[in-house]
Amino acid sequence: MNGIGHKRQRAPKRRTVIEYFERALQRSGRPQLPLIGPLERGPGGLAVCFSLNLVAGRIRGAEFKATTCTTLLAYCELLAELIMGLTPTEARRLDTGRLIDGLPGVPPTLHNRAGLPIAALTSALAQHSAEESK
Amino acid sequence: MKVAYLFATSRHTVSYVLGRMILPQLEEDRHGAEVVGMFFFEDNNYVLTRDNPLGKRLKAVADAKGILLMGCDQCCYEREIADQLLEGVPIGCFPDLYAALSGSPPDQVITL
């Protein structure tokens, strides 16, 4: 607990790429959460869509649908874990560097796959902001 | 004839079929077919790691002849070697393999 009584967000346990990938596969078939972001497309036919559940201004649930690229799914899973408990403002600060640092086993040539989950999350959060301001 | 090899089984295909047959034949320019690519599954990916002597020979031939070498991404991640492969050897899955071979598509894809 920090000085104002809020729980500090614990960093997710360090897992391997394949562990994140396998955790991502377990999300298959789960229903999307209320805040469904747009489908973000990347090169090579890759695509990601995040859906979120916000409670009292914090992200309490995150699901995603993504094309079946091992690296992409691992990055999506890591991101879904990182944003739990964050406010949308805090979540927006996460960038590709954070994902790349979180999965050190990914070869540099595939680091660019971290961009698509970030883009999908950004879109979902932007959609939330737009709906909030209506 | 252009061929691509998929090393999919654990029947000594790397140490024996590749190591004692295909690779020496390629080094001696007498393999009999133009090899455009090789894709590695499961434990066969260990040949692509940086310190593997057979892998180093294979990479030298691949560079000289323009042969694509690629490791299965899931298999490499499972073995935690994805970031320890020979310089320039990518990991990927079938879409990446076929995209990489699209410029020189094989006539035959041979699974070993």
Percent carbon-and-sulfur accessible area, chain B, ignoring ligands, DNA and RNA, probe 1.4 Å: 49
Label-point separation in nm, A:Ser133 to A:Ser28, each point 7 Å along Cα→Cβ: 4.0
Carbon/sulfur fraction of accessible area - segment A:17-132, other protein chains in place, 1.4 Å, %: 53
Label-point separation, B:Arg30 to B:Gln84 (7 Å along Cα→Cβ), nm: 3.7
Under the Karplus curve 6.51 cos²θ - 1.76 cosθ + 1.60, θ = phi - 60°, whole-Hz ³J(HN,Hα) for segment A:85-102, x wherever Gly or Pro sits: x, 8, 7, x, 4, 5, 5, 5, 6, 5, 10, 4, x, 5, 5, 4, 5, x
Listing of segment A:91-108 residues, each with accessible area lower by at least 10 Å² in the full protein assembly than in the chain alone (probe 1.4 Å): A:Pro104, A:Gly105, A:Pro107
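Could you tell me the convex hull volume per residue, in Å³, taken over the Cα atoms of segment A:19-109? Mind showing how you got there, number by number?
On the way: hull volume 9.0 nm³, N = 91.
With only Cα atoms used, segment A:19-109 gives 99 Å³ per residue.
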Rg ratio (alpha-carbon, reference 2.2 N^0.38 Å) - chain B: 0.96
Protein accessible surface hidden between B and A, which excludes ligands and nucleic acids, total in Å², probe 1.4 Å: 900
10 Å Cβ neighbours from other chains, averaged over peptide A:109-118: 1
Vicinal HN-Hα couplings computed from phi for segment B:21-33 (Karplus, 6.51 cos²θ - 1.76 cosθ + 1.60; Hz; Gly/Pro x): 10, 4, 5, x, 5, 5, 4, 9, 6, 9, 6, x, 8
GluC sites (Glu not before Pro) within segment B:1-109: DSSP coil, no more than 16 neighbouring Cβ in 10 Å: B:Glu28, B:Glu80, B:Glu87
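Hey, can you find the accessible area per residue of chain A for me, probe 1.4 Å, expressed in square angstrom?
Working: 7150 Å² over 134 residues.
Each residue of chain A exposes 53 Å² on average to a 1.4 Å probe.
The values are calculated or read from the model by the stated rules, or taken from the named source; none is laboratory data. Computed from a prediction, not measured in an experiment: that's the story for all the values here. Note that we place each Cβ from the backbone using ideal geometry, even for glycine, and neighbour counts take in every protein chain shown. Ligands, DNA and RNA are excluded from the accessible area calculation, which covers all protein heavy atoms including side chains. Shrake-Rupley method; radii C 1.70, N 1.55, O 1.52, S 1.80 Å.
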